[in-house]
Amino acid sequence: MNTDILQKSAPAPTITRAAAGALIAAVHTAAARIGFTAAVAVTDPGGHLKAFDRADDALFLTAEVALDKAWTAASFQTPTHVWNDYLANPRISPLAGHPRLMAVGGGYPIVENGRCLGGLGISGGSYEQDQQAAEEALTALGFELQTAIVA
């Protein structure tokens, strides 16, 4: 008879509400410096919305795009800007039909000590501006900037 005890659960790392709010503030600061207004979404590791804010003059579609970028980043623990290259591969390209997959810069996994705490999605500027604001905000708060390609 095996006397080992089956572990039935494991602690799941997730971003705190305070850290999510601080990320949103850091994104708005970076976006203002860069020259655009944004919608910002922060998800938990499962892609569920943790925090959100849309600047008063950010277009309404930016809200949905920001959330989908955060979802994509958390789901694959990979920045969204790498997905255009991924989707060029015929073995991965069927994922392009997934309704939430966002293959546009501005989404990053939120990583601390090598563990994904959630996803960050920004929409409102060009894809380069969204990506730059995400990188600045994550770096300013001491999160690891995920650049490795996982897929």
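The values are calculated or read from the model by the stated rules, or taken from the named source; none is laboratory data. It should be emphasised that the depicted structure is a prediction, and the values quoted were computed from it without experimental measurement. When we count neighbours, we look across all protein chains shown, and the Cβ atoms used for this are built from the backbone with ideal geometry, even at glycine. SASA here: full protein model, heavy atoms, side chains in, ligands and nucleic acids out. Shrake-Rupley method; radii C 1.70, N 1.55, O 1.52, S 1.80 Å.
Tabulated data for the structure shown
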| read-out | value |
| --- | --- |
| Qualifying positions in the stretch 91-112 - at pLDDT 95 or above and either more than 13 Å from the chain's Cα centre (by Cα) or hydroxyl-bearing (Ser, Thr, Tyr) (or both) | Tyr108, Glu112 |
| Options Pro45, Pro11: the member that is open to solvent by 10 Å² or more (accessible area, probe 1.4 Å) and at pLDDT below 95 | Pro11 |
| Residue match in the stretch 108-118 (condition: in contact (Cβ under 8 Å) with a residue 40 or more places away in the chain, open to solvent by 40 Å² or more (accessible area, probe 1.4 Å) and within 17 Å of Ala31 (Cβ to Cβ)) | no |
| Cβ-Cβ under 7 Å pairs, at least 6 apart or on other chains, the stretch 123-137 side assigned to a strand (DSSP E or B), far side modelled with pLDDT of 95 or more | Ser123/Ala38; Ser123/Ala39; Ser123/Thr62; Ser123/Val65; Ser123/Ala66; Ser123/Lys69; Ser123/Gly106; Ser123/Asp130 |
| Tally of residues being farther than 17 Å from Ser123 by Cα, without any contact (Cβ under 8 Å) to a residue 40 or more places away in the chain and surrounded by 13 or more Cβ atoms within 10 Å (Cβ to Cβ) across the stretch 14-42 | 0 |
| Residue list for the stretch 70-102, restricted to those being open to solvent by less than 20 Å² (accessible area, probe 1.4 Å), over 14 Å from Gly46 (Cα atoms) and of a type in the set (A, V, I, L, M) | Val82 |
| Boolean, Pro11 is over 25 Å from Gly125 (Cβ atoms), in contact (Cβ under 8 Å) with a residue 60 or more places away in the chain and not small (Gly, Ala, Ser) | no |
| Restricting the stretch 119-139 to residues that are small (Gly, Ala, Ser) and under 14 Å from Arg33 (Cβ atoms), the residue that is surrounded by the most Cβ atoms within 10 Å (Cβ to Cβ) | Ala134 |
| Leading residue by the ranking (farthest from the chain's Cα centre (by Cα)) among those in the stretch 46-90 that are in a helix (DSSP H, G or I) and under 16 Å from Leu138 (Cα atoms) | His81 |
| Enumeration of residues in the stretch 91-115 that are farther than 21 Å from Thr139 by Cβ and of a type in the set (Val, Ile, Thr) | Ile92 |
